[in-house]
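Asker: What follows is a single structure, and I will ask about it in a moment.
Values quoted throughout were computed directly from the atomic coordinates according to the rules given, and no laboratory measurement underlies them. Quick caveat, the model's predicted, so the values are computed rather than measured. Note that each Cβ is placed from the backbone with ideal geometry, even for glycine, and that neighbours are counted across all protein chains shown.
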Amino acid sequence: MATFTCKVSVTTGDIASAGTNDNVYIPLIGTNDTSDTFTLDNGGQDRVRGATDVYYLTCKKHLGETVLIRLEKSPILAGDDWFCSMVTVEFEEKTYNFPCYRWLKGKECLELREGKGIHSLL
Ligand SMILES: [Ca+2]
Ligand SMILES: [Ca+2]
């Protein structure tokens, strides 16, 4: 069966306490289909302040254009707030940017629509 790999880059803000040890899950919502819900967990620590984590998600169906993502943060014990600054999805040589720039607190789901990206004002 054909599968489709999406590269997802998740950037944690470079501000105090931005990182989190909580679990974060993501489904990708495309024009054709919605992916499974993946756990964003690489070897080692994920979501360290200022870091970008890259994940390769294997989808069973062709999602089409990625139009929406949903970040689902699930607390471990007391919870650990997370400041996500940006999520980028790369699929079939296209890049989709999902600017976030906000906190996810406790058990929280956040839907992000594709944006045009953040351009420098220089
Ligand atoms: Ca934190
Ligand atoms: Ca990990």
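Asker: From the phi of every residue in the range 54-68, what ³J(HN,Hα) in whole Hz does the Karplus formula 6.51 cos²θ - 1.76 cosθ + 1.60 yield, where θ is phi - 60° and glycine or proline is x?
Answerer: Each residue's phi maps through the Karplus curve to give 10, 10, 10, 9, 9, 9, 7, 10, 6, 7, x, 6, 7, 10, 8 Hz.
Asker: OK, next. What distance in nm lies between label points placed 7 Å from Cα along the C-beta direction at residue 61 and residue 17?
Answerer: 4.1
Asker: Put +1 on the Cβ of each Lys and Arg and -1 on the Cβ of each Asp and Glu in the chain; which of 99, 35, 58 then has its Cα farthest toward the positive end of the dipole?
Answerer: Checked the options; the winner is 99.
Asker: If I stretch the segment between residue 2 and residue 45 completely, what's the gain in nm (0.36 nm per residue apart, minus their alpha carbon distance), one decimal?
Answerer: Numbers: separation 43, 0.36 × 43 = 15.48 nm, distance 3.09 nm.
Roughly 12.4 nm would be gained on extension.
Asker: Hey, another quick one. How high is the FRET efficiency between residue 36 and residue 92 when r is their beta carbon distance and R₀ equals 25 Å, given to the nearest 0.05? Walk me through the numbers on the way to the answer.
Answerer: Details: r = 19 Å, r/R0 = 0.74.
According to the calculation, E is roughly 0.85.
Asker: Each residue of the range 21-33 in turn: what ³J(HN,Hα) in whole Hz from Karplus with 6.51, -1.76, 1.60 and θ = phi - 60°, glycine and Pro shown as x?
Answerer: 9, 5, 7, 10, 10, 8, x, 9, 10, x, 5, 9, 6
Asker: If I stretch the segment between residue 76 and residue 109 completely, what's the gain in nm (0.36 nm per residue apart, minus their alpha carbon distance), one decimal? Intermediate results must be reported in sequence, preceding the final value.
Answerer: On the way: separation 33, 0.36 × 33 = 11.88 nm, distance 1.51 nm.
Stretched out fully, the residue 76 to residue 109 stretch lengthens by 10.4 nm.
Asker: Run the reach check for residue 105 against lysines, Cα to Cα strictly under 24 Å, same-chain hits fewer than 8 apart removed. What comes back?
Answerer: The reachable lysines, counting only those whose Cα sits under 24 Å from residue 105, are 73.
Asker: Just to confirm my numbers, what's the Cα centroid distance between the range 86-102 and the range 21-67 in Å?
Answerer: 11
Asker: Check which residues have an amide H placed less than 5 Å from residue 30's amide H, if you skip close sequence neighbours.
Answerer: 35, 67
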